1. Between A:Ser36 and B:Lys795, what is the label-to-label distance in nm when each label sits 7 Å out along the Cα-to-Cβ direction?
2. For segment B:174-379, what does the equivalent ellipsoid look like in terms of its semi-axes, each the square root of 5 times an eigenvalue of the Cα gyration tensor, given largest first in whole Å?
3. Taking the Cβ-Cβ separation of B:Lys424 and B:Asp561 as r and a Förster radius of 25 Å, what is the calculated FRET efficiency to the nearest 0.05?
4. Restricting to DSSP H runs of at least four residues, report the calculated mean residue ellipticity at 222 nm for the protein assembly as shown, -39500 (n - 2.57) per run over all residues, nearest 500 deg cm²/dmol.
5. Can you spot the lysines whose alpha carbon is less than 16 Å from B:Lys764's alpha carbon? Ignore those fewer than 8 places along the same chain.
6. Using only the Cα atoms, work out Rg/Rh for segment A:23-75, with Rh taken as the Kirkwood radius, to two decimals.
7. Tell me, what is the FRET efficiency for B:Lys39 and B:Lys726 to the nearest 0.05, using R0 = 45 angstrom and their Cβ-Cβ distance as r?
8. Note the buried accessible area between B and A here, summed over both chains, with a 1.4 Å probe, in Å² to the nearest 100.
Amino acid sequence: MVITGSVIMVMPGSDVVVEEKLRSFPQVTCHAKSNSGMDMIVNVEADNHHELESLCQKIKDDIPEIIDIGHVYINFEEEIQKIESGTWQNYYNLND
Amino acid sequence: MDLTRREMIKLSAASFAAAALNMSLPRNSSADEEIVVDKWVKGTCRFCGTGCGIYAGVRNGQLVGIRGNPKAATNFGFLCVKGFKGYMSMYHPDRLKYPMIRSEDDKFHRVSWDDALSKVTNKFKELHQKFGKDSVAFYGSGQCMTEESYTFNKLWKGGLRSNMVEGNPRLCMASAVGGYITTFGADEPAGSYADIEKAKTLFIVGSNMAECHPILFRRVARHKLQDPDNVNIIVCEPRLTPTARIADIWLPADPGTDLAVFHCMARELIKNNWTDSWYIENLCRFSTGAKVVDFNAYKQFLEQFTPEAVEKITRCPGANIKEAARLFGSQCPTMSLWTMGLNQRTRGVWANNLMHNLHLISGNICKEGADSFSITGQPNACGGVRETGSLCQLLPGTRAITDAAARADVEKSWKIPAGSIDPKPGFHTMEMFAKLGAEDDTSKPLKAMLVSTTNPAQSLPNAPKYYKGMKDAFLVVLDIFPTRTTQLADVILPAAFIYEKGGVYGCSERRSQLTQKCVEPPGEAKADLWIAAQIAKRMGLEKLIPWNGDDAPTSYKMAWDDYRECVKLTEHTLFGITYDRLTQMEEGLQWPCPNDKSPGTSRRYVRGHDPLMNMPDIVKVPSSALIYFYGDKQHEGKANVFLRPYKGPEEPPDKDYPFFLTTGRVIEQWHSGTMTMRVPEIARSKPNAYIEINPSDAKEYGIKEGDMVKISSRRGFNIMPARIVKNSLPGILFVPWFDQTWDRMINRVTIDAFDEGSKQPEFKICAVKIERVGDPKDVADMYIISDVNTPFPLKI
Ligand code: SF4
């Protein structure tokens, strides 16, 4: 499971529309927005990094008012657990 | 993960994002603690020249996560996939953990550090005795920390008295250095990234920023999209890259022909009066390179570059060039940004000069939002190699080794006898590898090489030509993973990853940032600086390089202080950039920074911004001058506007080899893939190289998506799958260079012709032919060289 801390940047004046449209993406949680309304603080959740990338692309495609989705933090929980448990070989088995 | 914990992680992650906007979330008081780390350690990303600030999360002595530093002036907290994930390669089981020596059975065997270092230094000493001081070379990297490059440079030039010092920035940045030095008399840009958000027009040339410098591109894209009607983007680039897709004007010139485009733009600027007469009169010197001429001669020279004539040479529509010139000259301020597409050429220096011409005649430099800005590819090509002078013709402070006063100054700083530094430059990279060989080969004066943090067996153009030299010579490789180069080595010295040692990186905008050591290196791997200092000690040069202790932070600080002192009275002074300040400051500091009160310099050559304008002990500037290019060798404070003749690429397509081949990076992979290919998500998203072909060419050659295609030049061939895409123009093919699979190592195909001035090779352009050789095949093997004893694929 991947959880991001991200900023969605939207066209001026489109924040309410974007918030509305984001409701159809249960993987996105909105926390706050800037005074200008152009930046929204969100989480995006996905099964893995691949899915995260395609989900973000789909969000951008479906909501043209979105200028950009930028990530400041990505929590790779499983990977950290693998680091901790020392199961590197499994993690790095590229064909698994 | 239970709901509560998951919610807390979400809140923590959101609070990091909020910090990037200087906001706080209503309910995040304890959220930070939920991403469980023992500490967050400040540092920089090591996967491109943007210089993104990061925090590395450490738990139980291991790095468990990276987050963006919201206070970093480069990235404001945002990171790309390499920034988030690239570090994970440091825990890959293939890490080199023990020193190894190749034995008589032709296999590597583990030895002690003492044995490995003795082997290296005894051999170096023996070769010095037999063949002289210039028989052993150092080949470094724009990924070494500044302290490391400085130390190896000092060891070679000051200790061993040899200028046989080079680094891979020769392959990526040398033409930018040549361009800045010939135009302005001093290396590196005048402005900063902050000019991006102030520019009304951005001219992006030979750079797929969207993939190669994604966070910088993000700044450009955000700026554009926030005010799409008033911010203009021009992209000059033969492929319709993701970068070109946001452009208002695309200038799709054939590879290597853009000199004509730039001259045409200059002609349009002048014809339409989009020039700045004050800049022309006071800051420009017009020059053919051989003699100084006047503005009228420049105007006349440009007359040959009409839009119609240039369209014929370049295939770039003349109307687009005219519109680009209009935006450049009338919608100011204008900032240009470029990378390898301009540099990796046989006319790379000239291309850089012509970019500067446009800015100088239109007054688009030394002002907010206006700059002529070369972006560096590697994280420390600027800070580590250019600024420390770790190339064969340079001294610290990017001073010429042929300059007697500079040599005397460095000798004094290094406390070595006057006259110790050889005034003759060593071999540049391509010459170095061409002249590397066996002891009994009298045509090869170089007999040994120490390679640090780079992989020339994969990254040199026309690489196979140089394999025999590498194999025959005594080759020592300092790295963290097995590579194509370790396969040719005699000794492997296991090094530390950036977060296992710390040190300073200097990014494209003259900004130095300190990474603090986070964790210990694995096995017996050692900080690279320790390795350099131990070699120095064994070569009897402990006094010159005394920072040979085991505590990495102490040693790196000693080396940094030595370097600060060495460049104290140069145009590149960073004397005020101390470890203490770098530790305290979130955003690092930009040089010139002459003392510990200086806030650094965001805009050079401008009174009120650049402290050197008032520092006569470093440069002399008339008190009345507001803008003054103090690097000018004529002491007039002017920059050269060059009348460079048009010249195309070294090997244009012809009837036998009818295609242009251009090579480059992709967003997921870093350089030769030795690190990024070891991160599963990254490997899976770009598992192999491929050849991008325009649909019309594919049709003509009967090639379908995924078909296996042989791509051949006069030097060699590759076989890889086809990707049929509209973003390559007809006649232009693109192949990324990260893949280390023998069949798909594109530098077996590229050309090793180089720029006469900068000696930088023309990676970006050569002539090739293609042929369909089979149906689609699964080659997504994510190949990496895992075992140091995997034999080299070619019999040498
Ligand atoms: S843009 Fe470059 S420096 Fe920034 S996170 Fe990505 S790879 Fe690292």
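1. Rounded to a tenth, the inter-label distance reads 6.6 nm.
2. On the way: eigenvalues 109, 68, 61 Å².
Largest first, segment B:174-379 gives 23, 18, 17 Å.
3. Working: r = 30 Å, r/R0 = 1.19.
E between B:Lys424 and B:Asp561, to the nearest 0.05, is 0.25.
4. Details: 28 runs with 256 residues, N = 892.
Rounded to the nearest 500, it is -8000 deg cm²/dmol.
5. Reachable lysines: B:Lys647.
6. On the way: Rg = 11.1 Å, Rh = 11.8 Å.
Reported Rg/Rh (Cα atoms, Kirkwood Rh): 0.94.
7. Working: r = 49 Å, r/R0 = 1.09.
It comes out at approximately 0.40.
8. Working: alone 27690 and 6230 Å², together 29930 Å².
Approximately 4000 Å², summed over both chains.
The values are calculated or read from the model by the stated rules, or taken from the named source; none is laboratory data. The shown structure was predicted, so the numbers you read here are calculated from the model rather than taken from an experiment. So basically every Cβ, Gly included, is an ideal-geometry build from the backbone, and we count neighbours across all protein chains shown. Remember, those area values only see protein heavy atoms, side chains included, never the ligands or the DNA or RNA. Shrake-Rupley method; radii C 1.70, N 1.55, O 1.52, S 1.80 Å.
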